[in-house]
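The values are calculated or read from the model by the stated rules, or taken from the named source; none is laboratory data. Owing to the predicted nature of the structure, the values given are computational and were not obtained by experimental measurement. Virtual Cβ from ideal backbone geometry, glycine too; neighbours counted across all protein chains shown.
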Amino acid sequence: MTSSKHEPLLQKNPFVIFTNNHGKIKEISQILGNAISYLDLHPQPIHIEETGKSFEENALLKVNALSFLKTHVGIADDSGLEVNALQKRPGIYSARYAGTSATDQERCEKLLLEAKDLKDRSAQFVCVIALRLENGQNKTFKGILEGHLSTTPLGKNGFGYDPIFIPKGFSKTMAELDPTLKNKISHRYLALIQAKHSFI
């Protein structure tokens, strides 16, 4: 990983992102700036079993897979959608709520079906960003974006549950918002900006 062909990438980018989700890679890179994915450095993704009982525990499991980084900051995220009337489901199981091989569309459809009779459609996106610093120390930062479920998927931007989540103060789903605007209000932005400020 520290071979010469990777040196320019590593010198230019102080943050290395642990995720196999290309949507997250794009979003985190846009928000943080000088960040690259582990996939930029290694052709084989690392698969971590998410056995934690919270977003924090799962984020730490992921970021500690980057323990080989000695001169860069490792970044991992665990995030999901909590629906209040569904006892905060899908929560930490958001990515595999409709099965491990389900598409984003299938996950949205399953959740909307489960929520079809709910009077209280309030929900929140939650993101925990975990850092692994050069000295091996870990830090976590949480971002929460409140809103409610739509009744049908709308919009083509974003990924995951974005087409069925309307953030508080808006009339459009996250998937209908311009990506630049989304990146200024999202749960991931709120967590990442805390992480970024911890270095200032």
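Brief remarks follow.
- The residues of the stretch 7-26 that are touching a helix residue (DSSP H, G or I) at 6+ places or on another chain (Cβ under 8 Å), modelled with pLDDT under 80 and not polar (S, T, N, Q) amount to a single one, L9.
- If you go through the stretch 180-198 and pick out every residue that is touching a residue at least 24 places away in the same chain (Cβ under 8 Å) and over 15 Å from the mean Cα position of the chain (by Cα), you end up with 2.
- Within the stretch 146-170, considering residues that are of a type in the set (D, E, K, R) and closer than 24 Å to N21 by Cα, the one nearest to the chain's Cα centre (by Cα): D162
- Residue in the stretch 153-163 that is under 22 Å from D78 (Cβ atoms), part of a helix (DSSP H, G or I) and in contact (Cβ under 8 Å) with a residue 12 or more places away in the chain present: yes
- Of residues in the stretch 101-117 being surrounded by fewer than 17 Cβ atoms within 10 Å (Cβ to Cβ) and more than 21 Å from the chain's Cα centre (by Cα), the one farthest from F165 (Cα to Cα): D117
- Scoring K26 on the criteria (1) part of a loop (DSSP other than H, G, I, E, B); (2) under 12 Å from the mean Cα position of the chain (by Cα) leaves a single failure, condition (1).
- Restricting A59, A98, A76 to residues that are crowded, with 17+ Cβ neighbours inside 10 Å, touching a residue at least 24 places away in the same chain (Cβ under 8 Å) and not in a helix (DSSP H, G or I) narrows the list to A76.
- Selection from the stretch 27-53 of residues that are touching a residue at least 40 places away in the same chain (Cβ under 8 Å) and touching a helix residue (DSSP H, G or I) at 6+ places or on another chain (Cβ under 7 Å): E27, I28, Q30, I31, L32, A35, L41, E50, G52
- Subset tally (residues that are exposed (fewer than 13 other Cβ atoms within 10 Å of the Cβ) and of a type in the set (A, V, I, L, M, F, W, C)) for the stretch 150-200: 2
- If the condition is being small (G, A, S) and either in a loop (DSSP other than H, G, I, E, B) or closer than 17 Å to Q124 by Cβ (or both), then the stretch 170-200 contributes S171, A175, S186, A191, S198.
- Residues that are touching a residue at least 12 places away in the same chain (Cβ under 8 Å) and either closer than 22 Å to F55 by Cβ or hydrophobic (A, V, I, L, M, F, W, C) (or both) within the stretch 101-119 comprise D104, R107, C108, K110, L111, L112, E114, A115, L118, listed in sequence order.
- The residues on offer are I36, I75, I31, and the sole one that is over 19 Å from V126 (Cα atoms) and touching a Leu at 6+ places or on another chain (Cβ under 9 Å) is I36.
- Filter result for the condition that a residue is at pLDDT 95 or above and assigned to a loop (DSSP other than H, G, I, E, B), over K53, K70: K53
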